[in-house]
């Protein structure tokens, strides 16, 4: 059992080393966007696409779970990302005029 625990602790340390730095934060934000974390995974009339998108979301959820990310931290990250989305949409809207 000690071998399994050691491997788990090592894996958690590896994930934290990668995702708890600035570059890792940027990668996590990209994964959250590209893997449909912020959007519904359901695609009406296409259960295969829905399942595929849900699988992508699961990758992000797994990483967040390994990092022991609290719901409050996830909510704060989502709020920050949504704010950036709104700002980007507004700047694009004004550029198009």
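One table, with the values for the structure above:
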quantity: Those residues of the stretch 60-94 which are in contact with a helix residue (DSSP H, G or I) (Cβ under 7 Å, 6 or more places away or on another chain) and under 12 Å from residue 32 (Cβ atoms), in sequence order; calculated: 60, 63, 64, 74, 81
quantity: Hits in the stretch 27-50 (condition: assigned to a helix (DSSP H, G or I) and either closer than 18 Å to residue 68 by Cα or in contact with a strand residue (DSSP E or B) (Cβ under 7 Å, 6 or more places away or on another chain) (or both)); calculated: 27, 28, 29, 31, 32
quantity: Pairs with Cβ under 9 Å, 6+ apart, first in the stretch 17-39 and crowded, with 16+ Cβ neighbours inside 10 Å, second at pLDDT 95 or above and in a loop (DSSP other than H, G, I, E, B); calculated: 19/67; 28/67
quantity: Qualifying residue in the stretch 59-78 (condition: outside any helix (DSSP H, G or I) and surrounded by fewer than 12 Cβ atoms within 10 Å (Cβ to Cβ)); calculated: yes
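The values are calculated or read from the model by the stated rules, or taken from the named source; none is laboratory data. Since we're looking at a predicted model, the values are computed, not measured. Methodologically, a virtual Cβ is constructed for each residue, glycine included, from the backbone with ideal geometry; neighbour enumeration extends over all protein chains shown.
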